[in-house]
Protein chains: 2
Amino acid sequence: MSGPARATHHASSKAAVLDVIRAAGTISRVGLINATGFTGATISTVVRKLIDEGLVVETGRAESTGGKRRVLLQLNHSARYAVGVHLDHAGITYVLTNLGGSVVARISRAGAGAAEPGTVVTRMADEVGTLIDGVGVERNRVLGLGLVSPGPFSSTAGIGLTPPSMRKWEDFPLHQALEQATNLPVVLDNDATAAALGEHWSGGIGGTAAALYMGTGIGAGLVINGVAYRGSSGNAGEVGHICVDANGPECWCGARGCVEVMAGPAAVVAAARADPVLARSAGLTGRSRSVSSDFAAVSRAARRGEPSALAILERSARCVATAARTLANIMDLEVLVLTGPSFAIAGSVYLPVVRDELDRAFFSRAAHGVDVRLSRSAATASAIGGAALVLQSELVPLHEGLRLPENLADSEPAPLPAEGA
Amino acid sequence: MSGPARATHHASSKAAVLDVIRAAGTISRVGLINATGFTGATISTVVRKLIDEGLVVETGRAESTGGKRRVLLQLNHSARYAVGVHLDHAGITYVLTNLGGSVVARISRAGAGAAEPGTVVTRMADEVGTLIDGVGVERNRVLGLGLVSPGPFSSTAGIGLTPPSMRKWEDFPLHQALEQATNLPVVLDNDATAAALGEHWSGGIGGTAAALYMGTGIGAGLVINGVAYRGSSGNAGEVGHICVDANGPECWCGARGCVEVMAGPAAVVAAARADPVLARSAGLTGRSRSVSSDFAAVSRAARRGEPSALAILERSARCVATAARTLANIMDLEVLVLTGPSFAIAGSVYLPVVRDELDRAFFSRAAHGVDVRLSRSAATASAIGGAALVLQSELVPLHEGLRLPENLADSEPAPLPAEGA
């Protein structure tokens, strides 16, 4: 039993049509037939349903191309919302997006730290309430919550093999606890995959694309023609454990010389602390508050023009660039986006080094280049991806019974601008 | 415009149904509906067409499950054939497979060597004739020819960025020349991708799988649920250029310390030639005939128990294992098959080293292991994959007009056993 036909069979035709309308902005029924390959009868039925449920609205007619002018369809952006939560050791980021994937509310709170998972989940439920109530969105328009976190996840139950900072979350029944605390359907995914999906939704990356993610660790999310590639157990894209030096130091994953242990934020911070002059000038002589705040201090020192700080970051960037090239060679990538909190801070140092490496040594450069970009929403891409997971998921049918009033658009919160804007 | 629905639309429903029947062995129409997601009416029409064309036959009825006993369908294996050709510097391998992917004829001839591409193509056309005529298959039952070669291919026109040994094939209009010389439709692909497809067809690897291919160079082919993953330009899986030592020697690809230049067959041979005692005992003191024959000589020395030969191969195997782990981490692999001519020779040294590396340090080992195997047809997997490309491709419609006689099965050549058998 093989492949694609079977996969499509299991995907909801409604979700597929909704995704095409979202991506197109406005589109006619004939356009939908061409884009999806569904029959006219199927499109007609699905669109009628989507309109009845208030998810899609008719919005005027296309320019005539000779025959009858075609009615255009578009998403009713304020018909539904989704919550995206990025849970990390150092911080928790919350976003509320509308059906079109635009961020309408965003808050950041303290990270999981050393607190008990149960305590953190209770606090998260409060903070989700603050997020939703802050923009006056009715609870019954919120489809669900996408929680993303450093993976890998072994199942929908909770976080699997975790980095050391979050080890106490292993075996905690996160999925169930969060559904109970928030009263929302919950989907889980790892932060790097979610970031790639977030870049696809908010940044419009297409084709064969990857998000190279650097938070406290290093990972990658893979998106092929708009669909996340997750691998056999949801753990694809583990580029942080690419070996760049077979005789290098041991990594927490069990291997040696991984790019994460050689060049990740913790390695950058350790190198800066080992240089007494730099450590003093960057304020790194005391006890560490967190790897991320120390990494930010090194980046600030580099921006102030301290050569030793810049040299440490550039050494890290060359290692990361080598791993990025391996990823590009294996996946034959068209687009690589640098995203995640650490690239939000120091992306300007890493971007030219990664670009140069791929221009110089990407294996298939004779056929095509790789478009390397810095994310416009590097700090929140994972949380946005969490919300996108909800919007893309099978959660829509859960709210099928819900009919929305006609005057729905009146109370729509305005989308927030991108981080860089 | 996104994803899967669109992709399925463009794939031929006939090819999809044919592939499901092939994979299932025997299957009912209801089974086809369940497996493909197509409607009963579509399956009914497509199956009727396939029977009319002689590609599929009815073959009795399934056990009753209460209702009417269902008619079973199976491929008519001898209805069509495909030629697979693996063109390499050192040798050319030809296989003829039937519609089920079983090899019914196989020959090996001298490689491309330093000869002019035009001369080689003329010879290849003769050798394809020998292959087909040798088992008495009629020319009009041969669907086409799949030519595989060290890639990458920049288009269907010819070989793109080639390894040094085949540089004169760059810009040669291979596709056109071969179609003219053989009078068969031709498809091209790189040897590693074809090997993965060949393993899928002949070895039944499923799920998220890769073929780690070692010929003169090192590459990988990726197969996800039976479908080759080719990347944005057909060059995915370039694991030979994973960096294992940033300060290592320069590779022909432009980077430094690639696994191919550090540990590929040429590196193994160079290390053996640099050891005077080993070089003498392995017969490597004279001028080299080819990297492959020298590599075979080192492997024979290792099998004879010469510790220095074994040490060189094991050092290579550890490097290759590191690259294999990177590939497994990025793709989240379930299955990894070692294949290609060099693993056909020395696979018994590499297999335990690669297995051990993945058991010990595969990132997602808490979630699942990676099944590492040595191919049963390592020497011919690429050629078989070339034939599979033809069988899977859109070439079938080219022969749609062809009706076959009823007594077709009479003259079927018997499939050859696997290499190891």
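The values are calculated or read from the model by the stated rules, or taken from the named source; none is laboratory data. What you are looking at is a predicted structure, and each value in this text was computed from that prediction instead of being measured. We place every Cβ from the backbone using ideal geometry, glycine too, and count neighbours over all the protein chains shown.
Does A:VAL137 satisfy the criteria of being outside the structural domain of A:GLY215 (by TED's automatic domain parsing), aliphatic (A, V, I, L, M), surrounded by 21 or more Cβ atoms within 10 Å (Cβ to Cβ) and under 17 Å from the mean Cα position of the chain (by Cα)?
Against the criterion (outside the structural domain of A:GLY215 (by TED's automatic domain parsing), aliphatic (A, V, I, L, M), surrounded by 21 or more Cβ atoms within 10 Å (Cβ to Cβ) and under 17 Å from the mean Cα position of the chain (by Cα)), A:VAL137 does not qualify.
Would you call A:GLY264 in the same structural domain as A:ILE345 (by TED's automatic domain parsing) and touching a strand residue (DSSP E or B) at 6+ places or on another chain (Cβ under 9 Å)?
Working: in the same structural domain as A:ILE345 (by TED's automatic domain parsing): yes; touching a strand residue (DSSP E or B) at 6+ places or on another chain (Cβ under 9 Å): yes.
Against the criterion (in the same structural domain as A:ILE345 (by TED's automatic domain parsing) and touching a strand residue (DSSP E or B) at 6+ places or on another chain (Cβ under 9 Å)), A:GLY264 qualifies.
Give the residues of segment B:241-256 that are within 10 Å of chain A (Cβ to nearest Cβ), within 21 Å of A:VAL239 (Cα to Cα) and in contact with a helix residue (DSSP H, G or I) (Cβ under 9 Å, 6 or more places away or on another chain), sorted by residue number. Before you say what the answer is, go through the steps one by one.
Step one: filter segment B:241-256 for residues within 10 Å of chain A (Cβ to nearest Cβ), giving B:241-247, B:251, B:253-256.
Cutting the leftovers down to within 21 Å of A:VAL239 (Cα to Cα) gives us B:241-247, B:255-256.
Correct list: B:HIS241, B:ILE242, B:CYS243, B:VAL244, B:ASP245, B:ALA246, B:ALA255, B:ARG256.
Here's the yes/no breakdown for (1) away from chain B (no Cβ under 14 Å); (2) closer than 25 Å to A:HIS241 by Cα:
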site	(1), (2)
A:ARG287	yes, no
A:ARG300	yes, no
A:LEU310	yes, yes
A:CYS319	no, yes
A:ALA323	no, yes
A:THR326	no, yes
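Looking only at segment B:289-313, which residues are modelled with pLDDT of 95 or more and hydroxyl-bearing (Ser, Thr, Tyr)?
Answer for segment B:289-313, where residues must be modelled with pLDDT of 95 or more and hydroxyl-bearing (Ser, Thr, Tyr): B:SER299, B:SER308.
Does A:VAL269 fit the bill of being crowded, with 21+ Cβ neighbours inside 10 Å and under 21 Å from A:ALA323 (Cα atoms)?
Details: crowded, with 21+ Cβ neighbours inside 10 Å: yes; under 21 Å from A:ALA323 (Cα atoms): yes.
Spelling it out, A:VAL269 is indeed crowded, with 21+ Cβ neighbours inside 10 Å and under 21 Å from A:ALA323 (Cα atoms).
Being among the charged types (D, E, K, R), assigned to a helix (DSSP H, G or I), in contact (Cβ under 8 Å) with a residue 40 or more places away in the chain and away from chain B (no Cβ under 11 Å) is the filter here; which residues of segment A:22-57 pass it?
Narrowing segment A:22-57 to residues among the charged types (D, E, K, R): A:22, A:29, A:48-49, A:52-53.
Imposing the further condition that a residue be assigned to a helix (DSSP H, G or I) reduces the set to A:22, A:29, A:48-49, A:52.
Within this subset, residues satisfying the condition of being in contact (Cβ under 8 Å) with a residue 40 or more places away in the chain are A:22, A:29, A:52.
Within segment A:22-57, A:ARG29, A:ASP52 qualify.
As an exercise: evaluate B:ASP52 against (1) over 27 Å from the mean Cα position of the chain (by Cα); (2) crowded, with 18+ Cβ neighbours inside 10 Å; (3) at pLDDT 85 or above and give the number of the one condition it does not meet.
So the condition that B:ASP52 fails would be (2).
Which ones in segment B:158-175 are more than 12 Å from chain A (Cβ to nearest Cβ), in a loop (DSSP other than H, G, I, E, B) and modelled with pLDDT under 80? Steps first, please.
In the first step, residues of segment B:158-175 are kept if they are more than 12 Å from chain A (Cβ to nearest Cβ); the result is B:158, B:164-169, B:172-175.
Narrowing further to those that are in a loop (DSSP other than H, G, I, E, B): B:158, B:172-173.
Answer for segment B:158-175, where residues must be more than 12 Å from chain A (Cβ to nearest Cβ), in a loop (DSSP other than H, G, I, E, B) and modelled with pLDDT under 80: just B:GLY158.
I'm trying to understand the selection: among the residues of segment A:189-247, which are under 26 Å from A:SER292 (Cβ atoms), free of Cβ contacts under 8 Å to residues at least 60 places away in the same chain and charged (D, E, K, R)?
Of everything in segment A:189-247, just one residue is under 26 Å from A:SER292 (Cβ atoms), free of Cβ contacts under 8 Å to residues at least 60 places away in the same chain and charged (D, E, K, R), namely A:ASP245.
Is there a residue in segment A:109-118 that is among the basic types (Lys, Arg), crowded, with 20+ Cβ neighbours inside 10 Å and part of a strand (DSSP E or B)? Break it down into steps so the answer makes sense when it comes.
Going through segment A:109-118, the residues among the basic types (Lys, Arg) turn out to be A:109.
Those still in the list that are crowded, with 20+ Cβ neighbours inside 10 Å too: none.
Looking through segment A:109-118, none of the residues is among the basic types (Lys, Arg), crowded, with 20+ Cβ neighbours inside 10 Å and part of a strand (DSSP E or B).
From the list A:ALA378, A:ALA309, A:ALA346, A:ALA388, which one is over 21 Å from B:ASN329 (Cβ atoms) and outside any helix (DSSP H, G or I)?
Values: A:ALA309 fails: outside any helix (DSSP H, G or I); A:ALA346 fails: outside any helix (DSSP H, G or I); A:ALA388 fails: outside any helix (DSSP H, G or I).
So the residue among A:ALA378, A:ALA309, A:ALA346, A:ALA388 that is over 21 Å from B:ASN329 (Cβ atoms) and outside any helix (DSSP H, G or I) is A:ALA378.
With the requirement that a residue be buried (at least 20 other Cβ atoms within 10 Å of the Cβ), more than 20 Å from A:GLY146 (Cβ to Cβ) and aliphatic (A, V, I, L, M), what does segment A:61-108 give you?
If the condition is that a residue be buried (at least 20 other Cβ atoms within 10 Å of the Cβ), more than 20 Å from A:GLY146 (Cβ to Cβ) and aliphatic (A, V, I, L, M), then A:LEU73 is the only one that fits.
Condition test on B:ARG69, is it assigned to a loop (DSSP other than H, G, I, E, B) and either of a type in the set (Ser, Thr, Tyr) or outside the structural domain of B:THR216 (by TED's automatic domain parsing) (or both)? Walk me through how you get there before you give the answer.
On the way: assigned to a loop (DSSP other than H, G, I, E, B): yes; either of a type in the set (Ser, Thr, Tyr) or outside the structural domain of B:THR216 (by TED's automatic domain parsing) (or both): yes.
Criteria met by B:ARG69.
Quick test of your reading of the structure: A:ALA7 fulfils all but one of (1) more than 9 Å from chain B (Cβ to nearest Cβ); (2) at pLDDT below 80; (3) part of a helix (DSSP H, G or I). Name the failing condition by number.
Here A:ALA7 clears every test but (1).
Out of segment B:342-371, which residues are basic (Lys, Arg) and within 14 Å of chain A (Cβ to nearest Cβ)? Outline the logic, then answer.
Taking segment B:342-371 first, the residues basic (Lys, Arg) are B:355, B:360, B:365.
Passing the criteria: B:ARG360, B:ARG365.
Keeping to segment A:129-144, report how many residues are in contact with a strand residue (DSSP E or B) (Cβ under 6 Å, 6 or more places away or on another chain) and closer than 24 Å to A:SER292 by Cβ.
Total satisfying the criteria: 1.
In segment B:274-288, which residues are without any contact (Cβ under 8 Å) to a residue 24 or more places away in the chain, surrounded by fewer than 17 Cβ atoms within 10 Å (Cβ to Cβ) and over 10 Å from B:ILE312 (Cβ atoms)? Working first, answer last.
Within segment B:274-288, the subset without any contact (Cβ under 8 Å) to a residue 24 or more places away in the chain is B:274, B:276, B:279-280, B:283-288.
In the following step, the residues that additionally are surrounded by fewer than 17 Cβ atoms within 10 Å (Cβ to Cβ) were identified as B:274, B:276, B:280, B:283, B:285-288.
B:PRO276, B:ARG280, B:GLY283, B:THR285, B:GLY286, B:ARG287, B:SER288, listed by residue number.
Filter segment A:228-240 for residues that are more than 7 Å from every other protein chain (Cβ to nearest Cβ) and buried (at least 24 other Cβ atoms within 10 Å of the Cβ) and give the result.
A:GLY240
For A:GLU199, which of the numbered conditions (1) charged (D, E, K, R); (2) in contact with a strand residue (DSSP E or B) (Cβ under 7 Å, 6 or more places away or on another chain); (3) facing another protein chain (nearest Cβ under 8 Å) fails to hold?
(3)
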